[in-house]
Amino acid sequence: MARPARIDDAIDAIEVVRQSILSLCVADHHNDRATVDRWLANKHPETFVTWINDPENFCVVDEITGKVRGVGLVRRNGTVLLFYVAPGYQRKGVGRRIHGALEAHAVGWGLQRLYLESTAEARRFYESMGYMVDGPGKRLFGMLMAYPYSKLLQPGSQIL
Ligand SMILES: CC(C)(COP(=O)(O)OP(=O)(O)OC[C@H]1O[C@@H](n2cnc3c(N)ncnc32)[C@H](O)[C@@H]1OP(=O)(O)O)[C@@H](O)C(=O)NCCC(=O)NCCS
């Protein structure tokens, strides 16, 4: 079930983010220590609290069996800044539910398009969600390649 994130989700949500980066994004960081350290540098519960307290952000978590298994965040300027599923919970619809909630909220904000930079790992997910390549890949945090995508939003979803 996807729902808006709360401050008391911070520890669990950040653990999902960190484990997802460490375990599911090896094809992106290649286990390069400097890249991983830069990627994880701001992934702490205290930072998460500042993100969800920012009225320019909307953050969603998805729970399975009562535990947070995925987290996503969109900014009012139309950029998706955070999107991770816990290791062992891929291909169970967590990503689709979170992204659906972010899109619905963005439509409620009056946005017409969403923008993001994908990992190599997530490209096929975003393409299945209707995202189109929006420029050349660029290097991030060292080894990581970030692939720009955007998607034209369809009005009509319910705001979460
Ligand atoms: C990318 C990610 C968020 C996808 O989340 P997910 O919960 O596994 O995705 P879903 O189960 O909702 O998948 C929805 C659809 O996307 C597509 N899809 C998802 N992962 C895919 C993959 N690895 N290969 C091909 N298609 C994929 C499929 O069409 C899938 O539908 P189906 O399972 O019915 O065939 C997740 O794999 C993840 O956290 N990866 C590591 C972190 C990461 O790279 N985050 C992105 C940062 S930009």
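The values are calculated or read from the model by the stated rules, or taken from the named source; none is laboratory data. These figures come from a predicted structure and were not determined experimentally. Cβ sites come from the backbone with ideal geometry, for glycine too, and all protein chains shown count toward neighbours. Heavy atoms of the whole protein, side chains included, go into the accessibility calculation; ligands, DNA and RNA do not. Shrake-Rupley method; radii C 1.70, N 1.55, O 1.52, S 1.80 Å.
Descriptive notes on the structure:
- Options Tyr115, Tyr89; residue that is open to solvent by 10 Å² or more (accessible area, probe 1.4 Å) and within 21 Å of Tyr131 (Cα to Cα): Tyr115
- Residues that are farther than 14 Å from Pro4 by Cα and in contact (Cβ under 8 Å) with a residue 40 or more places away in the chain, drawn from segment 95-108: Val107, Gly108
- Condition met for Arg69 (among the charged types (D, E, K, R) and under 13 Å from the mean Cα position of the chain (by Cα)): yes
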